[in-house]
Structures are given as structure tokens and as C-alpha cells.
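Trainee: Can you keep this structure in mind? I'll have questions shortly.
Rule-based calculations on the coordinates, nothing more; no lab input. Bear in mind the structure is a predicted one, so any value in this text is a computation, not a measurement. As a convention, Cβ positions derive from the backbone with ideal geometry for all residues, glycine included, and neighbour counts pool all protein chains shown.
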Amino acid sequence: AVRVTLDVQTPELYTLPAATLLVAAGAWRLRTDREASSVDVLGSGLTLALLPSLILALDEPASLRGALIGAAGILALAVGVHQRLAAPFVLGAATTGLLAVRHLEPYADAVPRWISLGTVGLALLLVGVTWEARRRNLETAGRYLAALR
């Protein structure tokens, strides 16, 4: 995927047909085999659909490609939550999160260093104070992610 994005300006022309077939075959297998893991059957297709465009969108996030890959990430995240599937949930969240961080980069450079250090210190203090509750929340989230198909 990285090689395709470095050599080709529109990798979607090459990757989306194969990704569509992989996702369709994975969805069919999920429907017929109740024991199949979504990571095994949908992971490769979703990665092929999202990763090449995401790599290019990170260079220029305020573009049509960035908007489309953001929408695709949100759609994958919503499908993962609605269908209780781990692969679309994780890959959609990663795609959306990376684009969000990339969009916030110019604003992070404009904030004075002492404000960012103070914010991180305050966040660490709050995490320390509420450590037990956060640990229980993390265990609950881990059980939820493990319960996804």
C-alpha cells in the first residue's frame, strides 16, 4: 500500500476494486460463519480501502480526498458500533483519529509551550486522582472490544 501511494497519484483506482471484493467476500463469510472473526475476514479489505488514501490525505488533509477518507472512516466506525464488529470499529476509529490529529496540528503549533505542558500536567493529575475508576473503565472497554466479533 505504501509503495502504491508513493508511485501513484490516485491509488484508489487500483485498490478500491480489490477492497470492495474483499469486503464483500468478508461480509458474506461473516453472514454464513457465525464463528468468524471480523478482523480476519474484513480486516484486509478495509485496510486496503482506507490505508492508501489515508497516507495521501495526511499530507493534505483539507482536500476532497481528506473529506472522503474522513467520511469513510466515520462510516466504518458507525458500522463497527452498530454491527458490533471489531475490524470496522478499530480501523474507522484509527482513520478518523489520525485525520483529526493531523487537522489539529497547526493549532498545536500556535499554542505556547507552557499552556500545553500545563494541560498535560493537569490531565495527568486528573488521571492519577481518578485512577481506579479509569482502570475499571479500561477493563470494561477491553471486555467490550473482546466481545466484538
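Trainee: Could you check which residue among 47, 119, 20 shows the biggest mean-square fluctuation in a GNM of the chain with a 10 Å Cα cutoff?
Mentor: In the Gaussian network model the winner is 119.
Trainee: I've got another one for you. Based on alpha-carbon positions alone, could you give the equivalent ellipsoid semi-axes of the chain from the gyration tensor, as √(5λ), descending, whole Å? Please list the in-between numbers first.
Mentor: On the way: eigenvalues 195, 129, 18 Å².
After scaling each eigenvalue by five and taking roots: 31, 25, 10 Å.
Trainee: Please work out how much length the chain gains when fully extended from residue 147 to residue 64, using 0.36 nm per residue of separation minus the C-alpha to C-alpha distance, in nm with one decimal. Please list the in-between numbers first.
Mentor: Values: separation 83, 0.36 × 83 = 29.88 nm, distance 3.55 nm.
Fully extending the segment from residue 147 to residue 64 adds 26.3 nm.
Trainee: Same structure again: Under 15 Å from the Cβ of residue 149, count the other residues' Cβ atoms, weight Lys and Arg +1, Asp and Glu -1, and hand me the total. Kindly include the intermediate steps, with their values, before the conclusion.
Mentor: Values: positive: 29, 31, 34, 84, 143; negative: 33, 35, 40.
Once positives and negatives cancel, what remains is +2.
Trainee: Once you have the Cα-Cα distance between residue 33 and residue 115, take 0.36 nm times their residue separation minus that, and quote the gain in nm to one decimal.
Mentor: Working: separation 82, 0.36 × 82 = 29.52 nm, distance 5.21 nm.
My answer for the length gained is 24.3 nm.
Trainee: Helix-only mean residue ellipticity at 222 nm, the chain, DSSP H runs n ≥ 4 weighted -39,500 (n - 2.57), per residue, nearest 500. What is it?
Mentor: Working: 7 runs with 128 residues, N = 149.
Roughly -29000 deg cm²/dmol at 222 nm, from the helical runs in the chain.
Trainee: Let me ask something additional. Quick one: plug the Kirkwood hydrodynamic radius of region 91-149 (C-alpha pairs) into Stokes-Einstein at 37 °C, 0.692 mPa s, and report D in µm²/s. Display every interim value, and only then the final one.
Mentor: Details: Rh = 14.2 Å.
So the translational diffusion coefficient is about 231 µm²/s.
Trainee: Net charge within 13 Å of residue 105 by Cβ-Cβ distance, Lys/Arg positive one each and Asp/Glu negative one each, not counting residue 105 itself? Numbers along the way, then the final one.
Mentor: Working: positive: 102; negative: 59, 60, 109.
Every neighbour counted, the sum reads -2.
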